[in-house]
1. Any residue that is farther than 24 Å from THR178 by Cβ, touching a Pro at 6+ places or on another chain (Cβ under 9 Å) and open to solvent by less than 30 Å² (accessible area, probe 1.4 Å) - is there at least one of those in segment 270-287?
2. Would segment 295-303 turn up any residue that is crowded, with 18+ Cβ neighbours inside 10 Å and in contact with an Asp or Glu (Cβ under 6 Å, 6 or more places away or on another chain)?
3. Given the criterion without any contact (Cβ under 8 Å) to a residue 40 or more places away in the chain, open to solvent by 10 Å² or more (accessible area, probe 1.4 Å) and of a type in the set (Phe, Trp, Tyr), identify the matching residue among PHE335, PHE377.
4. Only residues that are surrounded by 15 or more Cβ atoms within 10 Å (Cβ to Cβ) and either polar (S, T, N, Q) or more than 33 Å from the chain's Cα centre (by Cα) (or both): list them for segment 126-147, please.
5. Can you list the helices (runs of 4 or more DSSP H) lying wholly within segment 294-412 that have 2 or more residues being hydroxyl-bearing (Ser, Thr, Tyr)?
Amino acid sequence: MKLSKPRQCALMVLTDVEKNGAYLNLSLREKLSGFKMDTRDNALATQLVMGVTRYKLYLDEFISSLSSVKLKKMSVWILNILRIGFYSNIFLDKVPVGATVNECVNLARRYGHPSSAAFVNALLRASAGKTFEPKEINVKYSYPLWIVEKWQSENVDDIEALLRSGNETPPVCVRRNTLVDCPVPDCMTHVKDDLYIYTTGGSFEGTPWQKNGAFTVCDGASQEAVKALELKRGENVLDLCAAPGGKSAYAAAIMQNEGAVTACDIYEHKIPIITSTAERLGASIVCARVNDAAVYNREFEGAFDAVMLDAPCSGLGIIRRKPDIKWTKKPEDCFALAKTQLKMLDTAARYVKPHGRLSYTTCTISRTENEENADAFLKEHAEFELMQPYKQLFPHKDNTDGFFIAVFGRKK
């Protein structure tokens, strides 16, 4: 029995995540490498993994509506095979239903038993041509109810558009590196400033422009965050949560490699990653070092013209890139993270010179972690003032990651 490699790969990733708590992106990268498929099959496996993860709640409710067996009674292997089959039949128009059924039945025989294969066959055939239109908005767009209720309570505009955008595949955004002299290739569409869209499709990693440092993957929101500090040549800059180093390298490019950028991370194994990024992008003024952003470092006291704090957050603004965030984050995470973020902000404030700037950014859509933290910081730090209105970017409005940007100026 010959199995479909892309579907088998997708099944192994989805089950690894659900059964073993693996990180989706890491498991996908590892399994793709192990299966050694061509570009087309890699793309299909990736689409199945990301699609099933995005629409997991919707798929589960659809399966439940047709199955006499409760989901919790199914093995994780069979449930994921059904999810793959239902997703293919609903969302992949170019794949015939018959082919999907046959491939999923073969997988069920391999990872289940004969009755499992018959069950998968019957359920997938029963679903063919049927529609499923749930009334609940969170089921329709496949989100945990708490996220929808959170955004509703925070009065997010056009919430259905936001939910819909989180299920879309984002464009491959890249930054043109002004430190490397290279013509813009035809596969790059200019958006604004240093922001371009890579239009060829597939991974940008490994392309000639990535290897020579002429372009690097960087969402428009991240670029906005660095530009908001209005960095100048010769300044001393601190990036407190720098890995993998893209923002530090962008700061160096804006400063035309004049001055200094200290790029920090709490984990020692990430320091070579930051260094490698800086070297690839020709950012010679970047120096990477280990530092915990939540712990005061006397050496940094009042030493920097500009400090960047891109704080660890719930990640609700990057769901379209990392759909597993929907299922791994909990409501209480936002409150726990907000306390850590505010502690980091208080610590970062001590490193800013008089008349220097401090930026606070997150890749989330959460007033608890964003506006409320920024307001609390200003209330407790009279020596700082807001330099520009808070900026919250949204995928459905700005076609960027969901990103919050606040910039504070030290008065004395």
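The values are calculated or read from the model by the stated rules, or taken from the named source; none is laboratory data. Quick caveat, the model's predicted, so the values are computed rather than measured. Cβ sites come from the backbone with ideal geometry, for glycine too, and all protein chains shown count toward neighbours. Please note that ligands, DNA and RNA were not included when accessible areas were found on the heavy atoms of the full protein model with its side chains. Shrake-Rupley method; radii C 1.70, N 1.55, O 1.52, S 1.80 Å.
1. Here is the first cut: in segment 270-287, the ones farther than 24 Å from THR178 by Cβ are 270-272.
Right, trim to touching a Pro at 6+ places or on another chain (Cβ under 9 Å) and you get 270.
From the residues that got through so far, the ones that are open to solvent by less than 30 Å² (accessible area, probe 1.4 Å) too are none.
Within segment 270-287 (the criterion being farther than 24 Å from THR178 by Cβ, touching a Pro at 6+ places or on another chain (Cβ under 9 Å) and open to solvent by less than 30 Å² (accessible area, probe 1.4 Å)), the answer is no, since none of the residues qualifies.
2. Within segment 295-303, none of the residues are crowded, with 18+ Cβ neighbours inside 10 Å and in contact with an Asp or Glu (Cβ under 6 Å, 6 or more places away or on another chain).
3. Values: PHE377 fails: open to solvent by 10 Å² or more (accessible area, probe 1.4 Å).
Step by step, each of PHE335, PHE377 is checked, and only PHE335 is without any contact (Cβ under 8 Å) to a residue 40 or more places away in the chain, open to solvent by 10 Å² or more (accessible area, probe 1.4 Å) and of a type in the set (Phe, Trp, Tyr).
4. Correct list: SER127, ASN138, SER142.
5. Numbers: elements: 325-328, 331-349, 371-380, 395-398.
Where helices (runs of 4 or more DSSP H) fall fully within segment 294-412 and carry at least 2 residues being hydroxyl-bearing (Ser, Thr, Tyr), they are 331-349.
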